[in-house]
Each structure stands twice: as structure tokens, then as C-alpha cells.
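Here's the structure, in C-alpha cells; my notes come after.
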Amino acid sequence: PKIENKRDAIIKVTETAICGSDLHIYNGKIPQLENMIVGHEFMGEVVETGSAVTNLKRGDRVVVPFPISCGHCFFCQHDLYPHCESSNHKHYGPEGGLMDQKGAALFGYTDLYGGYAGGQAEYVRVPFADIGPRKVPENLTDDQVLFLTDIFPTGYIAVDWADLKGGETVVVFGCGPVGIMAQKSAWLKGAKRVIGVDIQPYRMEKAKKVANSEVLNAATDDVVEIIREMTEGRGADVCIDAVGMEADRSILEKVLNTVTVQAGTTNVLENCFSAVRRGGVVSVVGVYGSNYHNFPFGQFFDKGLTLKAGQAPVQAYIDTLIKLVEEDKVTLEDIITHKLPLKDAPHAYDIFNKKEDDCLKVVLTP
């Protein structure tokens with residue numbers, strides 16, 4: 001990559017990761033017709049900067065937030081960085097449509113989100129480098145801070161949206177990387193009880209071990225009824241959907257997806273609506289890529305729920321979260337199950353997608 005704008009920087013990648021969101025492209029849920037370099041979780045060393053980038057210099061170690069945001073537009077000024085008006089030149093708009101009028105650009109996340117080359121590479125051009133990248137404290141390793149790019153801020157904001165007062169029961173649907181980060185964040189924000197839900201035993205075991213969560217198996221248990229039993233019949237104070245549209249589906253659902261032009265399923269979201277108490281909060285950080293015809297609005301209205309959803313405004317949170325890591329109040333690297341060279345990315349995608357070899361989180365090194 002080359003400097004194309006005076007606010008650019010070129011980063012030599014030292015670590016990058018595969019995210020569950022990358023699988024939406026890999027599996028065709030979010031279309032990308034042309035070849036592109038994917039990946040939005042990366043960090044590395046500054047090797048070149050544009051003339052307007054005065055906060056970084058050659059040799060700085062930086063971690064890079066996944067939204068590409070200018071820092072100066074209406075939305076950036078309101079800490080809504082994933083809605084930046086300036087970075088997604090071809091497909092930005094207020095509508096939030098299926099194939100147009102999307103939000104801010106994201107690294108390596110299809111032409112719909114700006115078409116910028118991502119971080120699963122040796123070098124990356126980082127636009128608006130005077131706003132996004134953060135210098136890494138010298139005492140922290142790459143493994144300790146890599147997940148500040150996306151999954152820790154995403155898990156953290158899912159809890160922050162709920163505005164915990166202390167003593168709540170928080171249920172996180174999904175014990176993947178984002179789900180586990182949300183479970184860790186729930187403890188940080190004062191939850192009394194944290195419950196993780198999944199269908200993969202190895203992911204549930206990891207959540208128990210590294211997030212100290214109780215776990216429920218949605219493949220064998222009636223999790224909604226169990227959650228109500230655990231909460232005096234009310235339901236959880238907060239339910240977090242950290243799975244999104246790629247939850248398991250029946251054959252009938254797959255057929256209906258084709259007929260109704262819907263991507264994936266809303267099964268997990270529907271479980272959240274049922275498992276949360278009246279007047280509770282549902283946070284959605286799992287990705288949904290289309291509209292859905294059977295959205296349970298009647299239930300949502302009757303229960304008086306608050307629903308928050310979307311991409312994490314990483315730039316608004318990352319400085320606080322770096323301090324949490326530096327002060328040893330949270331550990332991020334304990335979810336890494338596979339560290340492989342970048343050339344083995346095809347194998348890494350295969351086992352991550354198929355949930356083989358107990359693959360929870362892959363870190364790639366160029």
C-alpha cells in the first residue's frame with residue numbers, strides 16, 4: 001500500500017486475527033464479488049505517515065480500531081464513529097439499506113463498507129491515522145492488546161448500553177470471542193450473575209474458565225425456562241445477542257430464507273426477547289445483514305424492552321479499555337486457541353468456520 005492522503009499511515013502488521021464477522025463474507029451472507037484483502041482486527045508498527053499525521057511517527061507500535069472514521073463530521077463529533085459521513089464514499093447514506101446507504105467504512109469488510117483493504121496482510125494503509133490508531137504502552141505485548149481493535153470494545157459496549165447499576169443478572173447468548181468479552185465486561189460493570197449460552201461444549205468450557213460464567217447448553221436445555229427459574233420467574237435483567245444471523249437453523253428455515261430473501265436467522269434475538277425480564281435491556285452486537293419478516297414487535301412492545309444494536313464506536317472507548325488492560329483489570333489473550341503464520345490463513349478459516357480442533361480464536365502473524 002501507498003500513502004494516498006496526507007492523513008494516511010502505513011502499518012507493518014505484527015498480528016492480525018480472524019473475526020466471526022469475517023465468516024459472514026466467507027460464507028456469502030454479506031456479498032463481495034471482487035477480490036479484496038479482508039480482516040479488521042490488526043495491529044503493528046508505523047512505517048510511514050502522511051504530512052498531516054503528527055501524532056504518530058515511524059516505529060510506533062499501534063492498535064487500530066476497525067471503523068474508519070474521520071473524527072470531524074457530525075457523527076464522529078458525537079462519538080458515533082461507525083456512522084462517519086466521510087469514509088464510505090460510494091455506499092454511505094441515512095437509510096441503512098440492504099445493498100446501499102450503509103454506515104462508515106470498515107477495514108476489509110466488502111465494497112458496501114468502503115472497499116478498503118484489511119489487515120490480514122503484511123502492510124495496511126490506515127486512513128485518518130490522526131484519529132484512529134492508538135499507541136501501545138511499551139509494557140504490553142501484542143497478544144494483550146490485539147483485541148482492542150474490535151471484540152473487547154464490542155463486548156464491552158453491549159454491557160455499557162445496558163447501564164448496569166450493580167447486582168444485575170446478565171445473560172450472553174454466544175460463548176464465542178465477542179460473547180466471552182461481553183461476559184468479562186459484565187463483571188467489570190458490576191453484574192451479580194453472568195450466564196453464557198452456547199451449543200458448543202468447548203466454547204462453554206472456555207467461558208467458564210476465562211470469564212467465570214455459568215453456562216447453559218441451548219442444544220439440550222430449554223434455556224429460556226431455565227433462565228426464568230434462575231431469576232425468580234422474571235427473566236434476566238440484560239440479554240446480549242453475541243451470535244447474530246449465523247445461529248444454527250433448521251432445514252425449513254433455510255428454505256424460507258431463500259423464499260423471503262433473508263440471510264440467516266433471528267433465533268437468538270427471539271430467545272433474548274423471551275429470556276429478558278419485563279422492562280429489561282437487549283443488546284445486539286451479533287451481525288444481522290438483512291431485514292426479517294417475523295420480527296416479534298408485539299412481544300417487544302408488551303414487555304417494554306429497550307433494544308440497542310450496532311457496531312462498536314471503538315475510538316470512543318479504546319483509551320479507557322487500554323487502561324483496564326494496563327491496570328490488569330481484564331485479560332484478553334486467554335481466548336486465543338490458535339496462533340498460525342499468515343500463510344496458513346486458509347486452514348485457519350476452515351477450522352474456525354467448521355468449529356473444528358476446538359478453534360475459538362485465531363491469531364495470524366505475517
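Observations
- Qualifying trypsin sites (Lys or Arg not before Pro) for the range 104-181 [loop in DSSP, other Cβ within 10 Å: at most 15]: K165
- Within the shell of other residues whose beta carbon sits under 15 angstrom from the beta carbon of I11, the net charge comes to -1, with Lys and Arg scored +1 and Asp and Glu -1.
- The range 32-119, dipole about Cα centre (Lys/Arg Cβ +1, Asp/Glu Cβ -1), debye to the nearest 20: 220
- Angle of helix 251-260 to the longest C-alpha principal axis of the chain, folded into 0 to 90 degrees and rounded to 10: 60°.
- Exposure rule at most 16 other beta-carbon atoms within 10 Å, DSSP loop GluC sites (Glu not before Pro): the chain longest free segment: 233-326
- Length-normalised contact order of the range 273-362 in % [C-alpha pairs under 8 Å, at least 6 apart]: 24
- Altogether, the Stokes-Einstein calculation at 20 °C and 1.002 mPa s, with the Kirkwood radius of the range 1-117 over Cα pairs as Rh, returns a diffusion coefficient of 142 µm²/s.
- Absence of a disulfide-compatible partner, taken as no other cysteine beta carbon within less than 4.7 angstrom, is noted in the chain for C19, C70, C73, C76, C84, C175, C359.
- Largest first, the residues M99, M43 sort by 1.4 Å accessible area into M99, M43.
- The range 7-163, dipole about Cα centre (Lys/Arg Cβ +1, Asp/Glu Cβ -1), debye to the nearest 20: 320
- Per-residue ellipticity at 222 nm computed for the chain from its helices equals -8000 deg cm²/dmol, with DSSP H segments shorter than 4 residues left out and the rest contributing -39,500 (n - 2.57).
- Percent carbon-and-sulfur accessible area, the chain, ignoring ligands, DNA and RNA, probe 1.4 Å: 49
- Greater than 21 Å apart at Cα, pairs in K209/K343; K165/K308; K6/K323; K206/K339; K184/K206: K209/K343; K6/K323
- For the chain, size of Cβ-based charge dipole, Lys and Arg +1, Asp and Glu -1, in debye: 400
- Qualifying trypsin sites (Lys or Arg not before Pro) in the range 310-344, DSSP loop, other Cβ atoms within 10 Å at most 13: K329
- Diffusion constant of the chain at 4 °C, which comes from Stokes-Einstein with the Kirkwood Cα-pair radius and 1.567 mPa s, µm²/s: 62
- Neighbourhood charge, 12 Å Cβ-Cβ cut-off, centred on L56 and excluding it, Lys, Arg +1 and Asp, Glu -1: +1
- Overall form of the range 277-323 per C-alpha gyration tensor (a/c, 1.5; a/b vs b/c): oblate
- Residue-count net charge about L216 - beta-carbon cut-off 10 Å; Lys, Arg +1, Asp, Glu -1: -4
The values are calculated or read from the model by the stated rules, or taken from the named source; none is laboratory data. All values reported here derive from a predicted model rather than from experimental measurement. Positions of Cβ are backbone-derived with ideal geometry, glycine not excepted, and every protein chain shown enters the neighbour counts. Just the protein is used for accessible areas: all its heavy atoms, side chains included, with ligands, DNA and RNA removed. Shrake-Rupley method; radii C 1.70, N 1.55, O 1.52, S 1.80 Å.
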